[in-house]
Amino acid sequence: MNKYIVSAICGCLFFANGFSQDKNIGELLNEIEQNNTELKGYQSFIESQQLENKSTNNLPDPQLSGYYLPFGDNVSGNYTEYEISQSFEFPTVYGSRSKWNDLKAIQLQTSYAKKRQEVLLEAKSVLIELAFLRKQKAIESERRTQSKQVFDQVQELYDKEQVGILDLNKAKIAWIQEQFVVQQIESEIQIVLSNLRTLNGGNAIDGFTAGIDLPIEVAEVETLWQERLTSDPSLQGLKAAETASLQKVKLEKNKVLPNLALGYNYQGVSGSNFSGFYGGLSIPLWNSKNKVKAAEADYEYQQSNTQVITASLYAQFQETYNRYELMLEKYNKYQTTMGNLNSEQLLFKAYMLGEYSFMDYYVELQFYRNASDRMLQMEKEVKLLQAQLLKHQL
């Protein structure tokens with residue numbers, strides 16, 4: 001991206017006058033992150049899942065069993081037996097499962113980070129929309145004032161019988177249309193503020209700064225992609241899933257080892273008893289059948305899935321970057337061509353001096369206004385595409 005494009009954009013960012021008061025976009029997004037109901041609920045869900053995963057590594061409860069056998073034909077007295085035992089998996093299983101749980105916890109955290117990124121990107125996009133609407137309202141308010149001045153002048157000329165009723169009606173319609181446009185923008189601003197309030201957990205968003213600090217230019221596509229590979233939650237989640245799947249293979253291999261049991265046993269009859277230690281060992285024949293193979297197959301799937309999704313995300317990223325560059329180039333050409341024309345003001349002055357009839361003035365005016373509106377729309381689209389490209393920085 002050459003210096004000419006960068007310098008051209010510097011002079012026309014609408015965010016310079018988008019907000020007033022004392023908060024920048026980073027502070028606003030932090031506020032939304034703290035208050036957002038969806039993120040709070042998702043954080044509680046993450047915590048519950050982490051605790052549930054940890055519980056899978058608990059020892060089973062100790063077991064107490066006993067026998068008292070007073071019935072039967074015997075001369076030695078009633079038989080009594082009790083036993084307390086603790087069973088557990090082979091010790092290496094617990095270490096392997098603990099590592100697996102740690103990796104599952106990382107997966108959950110990347111899942112939360114992805115949800116957080118989605119919420120903050122939505123909030124950032126809404127803030128961009130709000131800035132665009134406020135600038136558009138300022139422009140349309142000025143146009144409404146001009147339309148009223150034109151209508152007043154045409155009314156005066158009509159009263160002097162210097163123009164006909166058709167010109168008067170057209171001037172009045174143009175003025176009324178501008179009023180409707182401003183009212184519609186005000187309504188849209190209220191809708192956007194309502195969306196922000198919802199994102200902010202029902203709290204009103206206020207305290208805006210005089211400008212939103214968004215980057216003017218972005219890095220080259222490969223540089224940005226490398227940044228995304230190392231910091232984007234979606235891509236980190238894929239790596240975490242792959243690593244956890246590999247650890248699951250190791251866990252299942254450890255679970256093939258026999259389960260153990262230790263305890264204390266007492267047996268006795270009247271005047272005679274025996275006591276000592278109890279030990280048990282399971283025979284791993286059926287329980288682990290095919291589980292290692294299933295874990296290995298899942299790991300192969302996760303590897304393949306990482307490659308497929310990464311390639312798909314890169315294609316989407318490349319498409320967004322190409323759209324950004326094309327829109328930036330178009331916007332730059334518009335801004336360079338129209339930046340210093342001051343066309344609407346010159347047309348209005350010429351009309352007030354009588355150099356244009358109302359219809360000639362109105363036709364010329366609509367041409368320049370359409371071009372100006374298109375440039376403002378492209379400016380917003382450039383910022384929204386920038387937000388998409390830089391979402392990994394949220």
- Item | Listed residues LEU238, LEU384, LEU260, most fluctuating in the chain (Gaussian network, C-alpha, under 10 Å) | LEU260
- Query: When each pair of different Cα atoms in the stretch 83-238 is counted once in the 1/r mean, what is the Kirkwood radius in angstroms, to one decimal?
  - Reply: 21.9 Å
- Task: Tell me the label-point distance for the pair VAL269, GLN149, using the 7 Å Cα-to-Cβ offset, in nm and rounded to one decimal.
- Result: 11.9 nm
- For the stretch 51-113, what is Rg from Cα atoms divided by 2.2 N^0.38 Å, rounded to two decimals? 2.07
- Message: Accessible area per residue for the chain in Å², computed with a 1.4 Å probe and the full protein assembly in place, what is it?
- Response: 57 Å²
- Value of D in µm² per second that Stokes-Einstein yields for the stretch 22-88, Kirkwood Rh from Cα pairs, at 37 °C (0.692 mPa s): 182 µm²/s
- Task: Sequence neighbours fewer than 8 away in the same chain don't count; with that in mind, list the aspartates and glutamates whose C-alpha is under 14 Å from LYS54.
- Result: ASP102
- In nm², what is the average projected area of the convex hull enclosing the Cα atoms of the stretch 255-358? 19.8 nm²
- To the nearest Å, what is the center-to-center distance of the stretch 231-267 and the stretch 308-357, using C-alpha atoms only? 56 Å
- Here FRET efficiency (C-beta to C-beta, LYS291 to GLU319, R₀ 35 Å, nearest 0.05) is 0.25
- Task: For the chain, give the percent of accessible area contributed by carbon and sulfur heavy atoms, probe 1.4 Å, rounded to a whole number.
- Result: 54 percent
- Message: I want to verify the translational diffusion coefficient of the chain in µm²/s; compute it with Stokes-Einstein, Rh as the Kirkwood radius over Cα pairs, at 25 °C and 0.890 mPa s.
- Response: 88 µm²/s
- Taking the C-alpha atoms of the stretch 223-268, how large are the radius of gyration and the largest Cα-Cα span, Dmax, in Å? 21.9, 78
- Item | Stokes-Einstein diffusion coefficient of the stretch 157-275, Kirkwood radius over Cα pairs, 10 °C, 1.306 mPa s, in µm²/s | 64 µm²/s
- If you build the Cα gyration tensor of the stretch 34-155 and take the root of 5 times each eigenvalue, what three semi-axes come out, in whole angstrom, biggest first? 77, 17, 6
- Note on the structure: The simple spin-label model distance between PHE88 and ASN30, using points 7 Å out along Cα→Cβ, in nm, is 4.6 nm
- Note on the structure: Contour minus Cα-Cα span, GLN226 to GLU118, at 0.36 nm per residue, comes to 36.9 nm
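The values are calculated or read from the model by the stated rules, or taken from the named source; none is laboratory data. Everything numeric in this text was worked out from a predicted model, so none of it was measured. Neighbour counts are summed over all protein chains in view; Cβ atoms, including those assigned to glycine, are modelled from backbone coordinates with ideal geometry. These area figures cover heavy atoms from the full protein model, side chains too; ligands, DNA and RNA do not enter into them. Shrake-Rupley method; radii C 1.70, N 1.55, O 1.52, S 1.80 Å.
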